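The values are calculated or read from the model by the stated rules, or taken from the named source; none is laboratory data. Quick caveat: nothing in here was measured; it's all calculated off a predicted structure. Reconstructed Cβ throughout: ideal geometry from the backbone, glycine too, with neighbour counts over all protein chains shown.
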Ligand code: SF4
């Protein structure tokens, strides 16, 4: 950490201990996260900073002293869920005016949403965006150093329009001791016509590979055995860097870091996925047997309107060549149903791709109109009943396909990284296969963070029931 950040955190810690002394108890925080893996990683930074400042974690959003919402705006229901939470927490603050409420993330980056927060929720204390999260220690100090929060609203709002800075050097509290996300790039240049991300996360910026490797070495020294390399489009990693490194070359370097046993990455844009990447995945055991490759639509006409830069046939060829080169890989995808102008025939094309590629899993979403994107003003928005009909058709094929795929390895023994005690049954532990499927099997806390062989005794469609195995099979 830089000296200036350390000084800010020390000052914030002093302010927190003074407030704790006045209350006669420790101050607490809660971070509520909406959205993707990148937000989850950002939330680990928010928690890390708040703990360094002296706040203690609190499970219950409603009772914490400092509540921060890390928002997502990819779909309308994420917006609605956030405003639901915000409304109820603001009602709590009317009774406890010294509570601190912060809002950050993608939604805070949107002018209209931010205006709504500032005008309709005066109980909010702090609003900041995606570009200056590294400044969170200073923002915490600013909030703490104001006159006592009155609940009458004098919101600190610091949202930047854009940035070319990459600052990762702030405290992080990892959710798992043995695995961690690592940001390798930020932003997106693709401007898919339905997507708000390029507008709220800014242009694509890759981190120098030297910084990424240094972070991964530190994580490994700290007990991390699985890393997830994160970016909106990891396949274009390296563009704009002086040494012209590719994502495949980065993976090769990460695979050499001692102690790292598993490498995952998210997300891959099909148009940028190279043969070099397939080759590296095929030849490097440490790279997990899973690729998330968003299709979005199987209709070339709709893909064109989505500005995705590939056709139905190109996607199928790519997916099948990955399967051919890496037979045990799981391919998962994202699908959007109800994009403007989509017909039943277009959805038939999507179903055709699902069957030909045989996806191991798919996140199926109803198209959500995002103001400010080109798709929002396209004619022929699809009526709700038609969307629902096609959504159900697609979902049923996706589920059948995933069940079939999962059954293929039933009975085999596979390596599983144990992630925790099962939430429903404490005699079981839950872990993940290299192909990202979950397995529940008898075990205890001593297994958490270890990779153990497990026999997949029963496939349940999208997870397995297992038992400890004694041999590795594939
Ligand atoms: S690749 Fe497309 S869908 Fe993904 S973040 Fe960029 S614009 Fe959005």
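Just checking, does segment 240-252 include any residue being touching a helix residue (DSSP H, G or I) at 6+ places or on another chain (Cβ under 7 Å), within 16 Å of the ligand (Cβ to nearest atom) and in a loop (DSSP other than H, G, I, E, B)? No, there is no match, as no residue in segment 240-252 is touching a helix residue (DSSP H, G or I) at 6+ places or on another chain (Cβ under 7 Å), within 16 Å of the ligand (Cβ to nearest atom) and in a loop (DSSP other than H, G, I, E, B).
There is at least one residue in segment 182-195 that is over 30 Å from residue 143 (Cα atoms) and touching a strand residue (DSSP E or B) at 6+ places or on another chain (Cβ under 7 Å).
Please find, among 140, 124, the residue that is more than 16 Å from the ligand (Cβ to nearest atom), buried (at least 19 other Cβ atoms within 10 Å of the Cβ), in a loop (DSSP other than H, G, I, E, B) and assigned by TED's automatic domain parsing to the domain that holds residue 19. Lay out the reasoning, then the answer.
Working: 140 fails: in a loop (DSSP other than H, G, I, E, B).
None of the other options fit; the residue is 124.
Within segment 275-304, being within 16 Å of the ligand (Cβ to nearest atom) and surrounded by fewer than 22 Cβ atoms within 10 Å (Cβ to Cβ) holds for 292, 293, 294, 304. Taking the condition closer than 23 Å to residue 242 by Cα, within 16 Å of the ligand (Cβ to nearest atom) and at pLDDT below 90, does residue 169 pass? Spelling it out, it is not the case that residue 169 is closer than 23 Å to residue 242 by Cα, within 16 Å of the ligand (Cβ to nearest atom) and at pLDDT below 90. For segment 172-191, the set of residues classified as away from the ligand (no atom under 16 Å from the Cβ) and outside any loop (DSSP other than H, G, I, E, B) consists of 179, 180, 181, 182, listed by residue number. Evaluated against (1) farther than 22 Å from residue 117 by Cβ; (2) more than 16 Å from the ligand (Cβ to nearest atom); (3) at pLDDT 90 or above, residue 194 falls short on exactly one condition, (2). When residue 426 is tested against (1) crowded, with 18+ Cβ neighbours inside 10 Å; (2) outside the structural domain of residue 315 (by TED's automatic domain parsing), only condition (1) is not met.
Take the conditions (1) surrounded by fewer than 15 Cβ atoms within 10 Å (Cβ to Cβ); (2) more than 16 Å from the ligand (Cβ to nearest atom); residue 309 misses just one of them, which is (2).
If you go through segment 197-221 and pick out every residue that is touching a residue at least 12 places away in the same chain (Cβ under 8 Å) and either in contact with a helix residue (DSSP H, G or I) (Cβ under 6 Å, 6 or more places away or on another chain) or away from the ligand (no atom under 16 Å from the Cβ) (or both), you end up with 13. The condition of being modelled with pLDDT under 90 and surrounded by fewer than 18 Cβ atoms within 10 Å (Cβ to Cβ) does not hold for residue 211.
Test residue 225 against the stated conditions and say whether it is farther than 21 Å from residue 294 by Cβ, at pLDDT 95 or above and in contact with a helix residue (DSSP H, G or I) (Cβ under 8 Å, 6 or more places away or on another chain). Even if it seems obvious, please write down each step before you answer.
Working: farther than 21 Å from residue 294 by Cβ: yes; at pLDDT 95 or above: yes; in contact with a helix residue (DSSP H, G or I) (Cβ under 8 Å, 6 or more places away or on another chain): no.
No; evaluated as a whole, the condition is false for this residue.
Which residue, of 388, 455, 450, 414, is under 27 Å from the mean Cα position of the chain (by Cα) and surrounded by 18 or more Cβ atoms within 10 Å (Cβ to Cβ)? The unique qualifying residue is 414.
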